[in-house]
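Report on the following structure.
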Amino acid sequence: MIAKLKESEIYEFIYKNRYVFSPPFDQKVNLSQYTAKLAKFAVHFAIYNENEIIAFAASYLNDKNKELAYISFICVDSRFSGKGYGRNLLNEVIITASDRGFKKVQLEVDNRNKNALGLYYSLGFTDASESQTSKILSLNLQ
Ligand SMILES: CC(C)(COP(=O)(O)OP(=O)(O)OC[C@H]1O[C@@H](n2cnc3c(N)ncnc32)[C@H](O)[C@@H]1OP(=O)(O)O)[C@@H](O)C(=O)NCCC(=O)NCCS
């Protein structure tokens with residue numbers, strides 16, 4: 001499920017699913033700038049239903065020292081949530097990072113995002129640091 005998505009496809013998916021995030025994703029970041037960065041520098045992971053993207057993750061796997069793989073984005077279309085797609089996507093990111101020799105995977109998550117936290121902890125992520133609103137979670141790969 002590694003994919004090479006166009007900037008417009010990434011934009012369309014995130015925009016369509018902006019309300020599954022709280023606050024809506026386009027209120028947290030400048031969506032055009034964010035999407036342009038993901039299109040250019042991130043590795044993309046996508047799950048399709050017919051021709052439509054229903055789950056998408058993006059990870060930066062460009063740290064030269066291979067210390068840290070960073071998952072910038074993961075989201076499952078709410079019509080398809082709770083069916084294991086999020087877990088599959090995340091597993092694929094972890095396997096890819098591990099195959100490429102990375103030592104650690106990290107991501108940031110809102111403290112109140114219980115579904116995402118449940119998923120990350122069940123895959124072995126642990127708290128690396130915490131602010132008032134979010135946590136950095138980390139998973140050692142080797
Ligand atoms: C978080 C998210 C990616 C999970 O994807 P999903 O496909 O719905 O989740 P899965 O079906 O793969 O479930 C994986 C685990 O997530 C957790 N989870 C998912 N839905 C849940 C729910 N409604 N209530 C509680 N936990 C839930 C559980 O730990 C679950 O494990 P289980 O299957 O052993 O019960 C998805 O809900 C999503 O896109 N959320 C909005 C965007 C977001 O918050 N992204 C993460 C930002 S850091």
Exercise. Of the GluC sites (Glu not before Pro) in the range 48-142, which ones lie in a loop per DSSP and count no more than 14 other C-beta atoms within 10 Å?
Worked result: E50, E67
Seminar exercise, completed: For the pair K103 and V20, the simple spin-label estimate (label points 7 Å beyond Cα toward Cβ) gives in nm 3.3
Exercise. Amide H to amide H, which residues 5 or more places from I54 or on other chains are under 5 Å from it, using H placed in the peptide plane?
Worked result: I47, Y48, N49
Exercise. If you add up the charges near N111, with Lys and Arg at +1 and Asp and Glu at -1, over every other residue whose beta carbon is less than 12 angstrom from its beta carbon, what do you get?
Worked result: -1
For this session: May I ask for the net charge around E67, where only other residues with Cβ less than 15 Å from the Cβ of E67 are counted and Lys, Arg are +1 while Asp, Glu are -1?
Result: +4
Exercise. Which distance in Å, rounded to a whole number, links the C-alpha centroids of the range 9-39 and the range 88-114?
Worked result: 19
Problem set entry | Nonlocal amide H pairs with S134, under 5 Å, H built at 1.01 Å | N111
For this session: Taking the Cα centre of the chain as origin, sum charge times position over the Cβ atoms of Lys and Arg (+1) and Asp and Glu (-1), and report the length of that vector in debye to the nearest 20.
Result: 140
For this session: For the range 128-141, take each phi angle, set θ = phi - 60°, evaluate the Karplus expression 6.51 cos²θ - 1.76 cosθ + 1.60, and give the result in whole Hz per residue in order, putting x for glycine and proline.
Result: 9, 7, 9, 10, 5, 10, 9, 10, 9, 10, 9, 10, 7, 9
Exercise. Among S138, Y85, T35, whose Cα lies farthest out toward the positive end of the dipole of the chain, if unit charges sit on the beta carbon of Lys, Arg (+1) and Asp, Glu (-1)?
Worked result: S138
Exercise. Using the Cβ atoms and a cut-off under 14 Å, what net charge is assigned to the surroundings of E130, where Lys and Arg are +1 and Asp and Glu are -1?
Worked result: -1
Exercise. Once phi is turned into ³J(HN,Hα) by the Karplus curve 6.51 cos²θ - 1.76 cosθ + 1.60 with θ = phi - 60°, what whole-Hz value does each residue of the range 96-110 show in order, with x for glycine and proline?
Worked result: 5, 4, 5, 4, 7, x, 6, 8, 8, 10, 10, 7, 10, 9, 5
For this session: Can you pull the one-decimal nm distance between simple spin-label points at S32 and S72, each 7 Å off the Cα toward Cβ?
Result: 1.7
Seminar exercise, completed: With 0.36 nm assigned to each residue of separation and the Cα-Cα distance removed, R87 to D110 gains 6.5 nm
For this session: Among the lysines, select those whose C-alpha is under 20 Å from the C-alpha of K4, and discard any that sit fewer than 8 residues away in the same chain.
Result: K16, K37, K40
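We did not get these values from a lab; they are worked out from the coordinates using the rules stated. What you are looking at is a predicted structure, and each value in this text was computed from that prediction instead of being measured. Using ideal geometry, Cβ is built from the backbone for each residue, glycine included, and neighbour counts are taken over all protein chains shown.
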